[in-house]
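To start, the structure under review is shown below, and the notes come after it.
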Amino acid sequence: MPRPRKPRFVDGPPIADNFRPHPWKKKGIDTVFLPLEGLEAIRLSDFEGLSQEEAAKRMNVSRATFGRILTQARKKIAEALVFGKVLRIEGGDYEIPPGGHRRRRRGRGIPF
């Protein structure tokens, strides 16, 4: 039996939780789900320019785990952009670090 997943630290909830192609048609467009820890990995690595080692420490995971999260997040974002799919940011296994000014949250899976 595998050991339980260690929650990943994220800075907070996203400003926007979905992105849609334009023009938007409700029927026939698939959705790609990006977990919140994937967005955090993109933010730390690509937006803030941190190394994978520094970003992994901020998220409370190993460097190898951070690399996997980042690779999966980039693939999902690319899929949404290339195929014109809706990108929804939700779910995952995360916590807001203790001692922060925000309320502590925990999310698991994709809520319906």
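Looking at the chain, which longest stretch skips every one of the trypsin sites (Lys or Arg not before Pro) that is in a DSSP loop with at most 13 other Cβ atoms within 10 Å, leaving the sites themselves out? The segment 28-101 is the longest one with no such site.
Tilt of helix 63-83 relative to the longest C-alpha principal axis of the chain, in degrees (0 to 90, nearest 10)? Approximately 10 degrees, to the nearest 10. Listed by chain and number, the aspartates and glutamates placed with their C-alpha closer than 19 angstrom to that of K25 are D17, E79; residues fewer than eight positions away on the same chain are left out. Structure remark: mean-square fluctuation, Gaussian network model of the chain, C-alpha springs under 10 Å; the largest value among F19, F33, F47 belongs to F47.
Build a GNM of the chain with springs between Cα atoms under 10 Å apart, and of I29, I42, I89 the one that fluctuates most is I29. From the coordinates of this entry, percent of Cα pairs over 26 Å apart is computed, and it appears in (i) 43; (ii) 30; (iii) 21 under the label (iii). Note that segment 39-47 has calculated 3J(HN,Hα) couplings of 4, 5, 4, 4, 4, 5, 7, 8, 7 Hz, one per residue in order, obtained from phi through the Karplus relation 6.51 cos²θ - 1.76 cosθ + 1.60 (θ = phi - 60°); glycine and proline are x. Charging the Cβ of each Asp and Glu at -1 and of each Lys and Arg at +1, and nothing else, the dipole of the chain about its Cα centre rounds to 420 debye. Scanning residues 5 or more positions from N18 or on other chains, those with amide H under 5 Å from its amide H are I89, with H placed 1.01 Å from N in the peptide plane. Highest GNM mean-square fluctuation among E90, E54, E37, for the chain modelled with Cα contacts below 10 Å: E54. Taking a ≥ b ≥ c as the square roots of the eigenvalues of the alpha-carbon gyration tensor, segment 1-58 is classed oblate because a/c is 1.5 or more while a/b is no larger than b/c. For E95, the residues whose amide H sits under 5 Å from its own are R8, F9, V10, ignoring neighbours fewer than 5 places away on the same chain, with H placed 1.01 Å from N.
Values quoted throughout were computed directly from the atomic coordinates according to the rules given, and no laboratory measurement underlies them. None of the values given here were measured: they were computed from a predicted structure. Don't worry about glycine lacking a Cβ; one is built from the backbone with ideal geometry, like all the others, and counts go over all protein chains shown.
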